[in-house]
Amino acid sequence: MKKTLKKEDTYYENIIKKGYSRRDFMKFATVMTAFMGYESSMVSQVVNALETKKRIPVIWEHFQECTGCSESFIRSDHPLVADLILDTISLDYTDTLMAASGHNAEEAKQESMKENYGKYILIVEGAIPTKNEGYCTIAGRSAVEVLKESAAGAAAILAFGSCSSWGGVQAAHPNPTGSVPVDAIIKNKPIIRVPGCPPISEVMAGVVVHYATFGTLPDLDSMNRPKQFYGKRVHDSCYRRPNFDAGLFAETYDSEEAKKGYCLYKAGCRGPVTYNACGTMEWNNGVSFPIKSGYPCIGCSENNFWDNGPFTERLTNVPGMGIEATADKVGKIVLGTAVAGAAVHAVATNIAKRKEIRDAEKRGEQNEQNIKA
């Protein structure tokens, strides 16, 4: 007879068992505290929670998705971020990462949900099809049925990625499978959206660590996204922002203007209407993000980003929001909606800054010529 699942280790105990040092643990706690947007004085509270609290059981369901969220998570630059899900918390079920399969996997899942009823976190990756029960069936059961069962005993639901948050590319017109986000099916549970295609791995980990540390959900905006990570526009933290303010734009990706760091707004960048931490946290060990790599933001963390027009077309109008405007202050942004009297950060009148930047570039070119001479 199979024994019931017992998860007695604290986060810290499990980390040490995996071969990490106390120093590794402290670095992890410090990094995650910073990622969550807290001051350094909060590190001790995070450390204490991870040292004393038992691991949170997790059920991770996959529906209509590409597994990009899982791929992003396990490829974090910090090894303990991946272990937070794979080992540090109790990952009792995930289609992608678990070794078991078939009846053994389903049995483990049912045992965990029964034993930890009302205590486990449900992570959902992928949209849920509703038009035909034959779509995305698991063990002969529809995605809707599986989701309802898994959500019944969950303390909270984390919708990882734009598919489970908004419906994903599967919900793009004409949406043949009737794909919907998690909150279209589940109405009686707290749901945190962690959108992105995929989300940043440290953002996903930060939400879990916050819940593990404080036992509560993080502060959310009006769209149920964690404010620590979705409180500012990509535009506000973009290194090309000064060029936007100065009216200096690149219209093609391979132009000299693009190479000089000119703003990619005219090339279709959605940064001014996209809330995400890409510009501050960046990707691949913090070395880059799409705009820094030379391609405009496509707004992948926003609702309906796949239907908001071609990614390479500039937005017809951008509301004059002011720097670092939050999603709650601005409200729901409709792309292409003209706002009476709104200017785009007063670009037309910012002649002095434009001239200053261009003069600096000329001086740089002249210095380069003098060096060659």
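The values are calculated or read from the model by the stated rules, or taken from the named source; none is laboratory data. Quick caveat, the model's predicted, so the values are computed rather than measured. A quick note on method: Cβ atoms are made from the backbone with ideal geometry, for glycine too, and the neighbour counts reach across all protein chains shown.
From the list SER179, SER237, SER222, SER165, pick out the single residue that is among the hydroxyl-bearing types (Ser, Thr, Tyr) and touching an Asp or Glu at 6+ places or on another chain (Cβ under 6 Å).
Result of the check over SER179, SER237, SER222, SER165: SER222.
In the range 66-105, how many are surrounded by fewer than 20 Cβ atoms within 10 Å (Cβ to Cβ), at pLDDT 80 or above and assigned to a helix (DSSP H, G or I)?
Final tally of qualifying residues: 2.
Take the residues of the range 279-292 that are farther than 13 Å from ALA250 by Cβ and at pLDDT 90 or above: which is surrounded by the fewest Cβ atoms within 10 Å (Cβ to Cβ)? Spell out the reasoning first.
Start the filter on the range 279-292 by keeping residues that are farther than 13 Å from ALA250 by Cβ, which leaves 279-290, 292.
Filter once more, so that each one left must be at pLDDT 90 or above: 279, 289-290, 292.
Values: GLY279: 23, PHE289: 23, PRO290: 19, LYS292: 16.
Per the criteria, the residue is LYS292.
Of the conditions (1) out of contact with any helix residue (DSSP H, G or I) (no Cβ under 9 Å at 6 or more places or on another chain); (2) under 18 Å from HIS62 (Cβ atoms); (3) part of a loop (DSSP other than H, G, I, E, B), LYS148 satisfies every one except a single condition; which number is it?
Of the numbered conditions (1) out of contact with any helix residue (DSSP H, G or I) (no Cβ under 9 Å at 6 or more places or on another chain); (2) under 18 Å from HIS62 (Cβ atoms); (3) part of a loop (DSSP other than H, G, I, E, B), the odd one out for LYS148 is (3).
Within 14 Å of the chain's Cα centre (by Cα) and either surrounded by 23 or more Cβ atoms within 10 Å (Cβ to Cβ) or modelled with pLDDT of 90 or more (or both): does that describe ASN276?
Values: within 14 Å of the chain's Cα centre (by Cα): yes; either surrounded by 23 or more Cβ atoms within 10 Å (Cβ to Cβ) or modelled with pLDDT of 90 or more (or both): yes.
The answer is yes for ASN276.
Any idea which of LYS227, LYS189, LYS232 is of a type in the set (D, E, K, R), in contact (Cβ under 8 Å) with a residue 12 or more places away in the chain, surrounded by fewer than 16 Cβ atoms within 10 Å (Cβ to Cβ) and on the phi < 0 side of the Ramachandran plot? Working first, answer last.
Values: LYS227 fails: surrounded by fewer than 16 Cβ atoms within 10 Å (Cβ to Cβ); LYS232 fails: surrounded by fewer than 16 Cβ atoms within 10 Å (Cβ to Cβ).
Just a single option satisfies the conditions, and that option is LYS189.
Determine whether the range 170-186 contains at least one residue that is farther than 28 Å from VAL46 by Cβ, surrounded by 24 or more Cβ atoms within 10 Å (Cβ to Cβ) and of a type in the set (Ser, Thr, Tyr).
yes
Hey, can you tell me all the residues within the range 14-27 that are surrounded by 12 or more Cβ atoms within 10 Å (Cβ to Cβ) and closer than 18 Å to LYS54 by Cβ? Lay out the reasoning, then the answer.
Start the filter on the range 14-27 by keeping residues that are surrounded by 12 or more Cβ atoms within 10 Å (Cβ to Cβ), which leaves 14-16, 18, 20, 24-27.
If the condition is that a residue be surrounded by 12 or more Cβ atoms within 10 Å (Cβ to Cβ) and closer than 18 Å to LYS54 by Cβ, then ASN14, ILE15, ILE16, LYS18, PHE25 are the ones that fit.
If a residue must be of a type in the set (Gly, Ala, Ser) and over 18 Å from the mean Cα position of the chain (by Cα), how many such residues does the range 165-196 contain?
Taking the range 165-196 first, the residues of a type in the set (Gly, Ala, Ser) are 165, 167-168, 171-172, 178-179, 184, 196.
Restricting the remaining residues to those that are over 18 Å from the mean Cα position of the chain (by Cα) gives 171-172, 178-179, 184.
Result for the range 165-196: 5.
Based on what the data block shows, is SER222 small (Gly, Ala, Ser) and at pLDDT below 90? Quick ask: steps written out before the conclusion?
Details: small (Gly, Ala, Ser): yes; at pLDDT below 90: no.
Answer is no for this residue.
Take the range 114-129 and flag every residue that is surrounded by fewer than 24 Cβ atoms within 10 Å (Cβ to Cβ) and either in a strand (DSSP E or B) or not small (Gly, Ala, Ser) (or both).
So the first thing to find is which residues in the range 114-129 are surrounded by fewer than 24 Cβ atoms within 10 Å (Cβ to Cβ), and the list is 114-121.
LYS114, GLU115, ASN116, TYR117, LYS119, TYR120, ILE121 - these are the residues of the range 114-129 that are surrounded by fewer than 24 Cβ atoms within 10 Å (Cβ to Cβ) and either in a strand (DSSP E or B) or not small (Gly, Ala, Ser) (or both).
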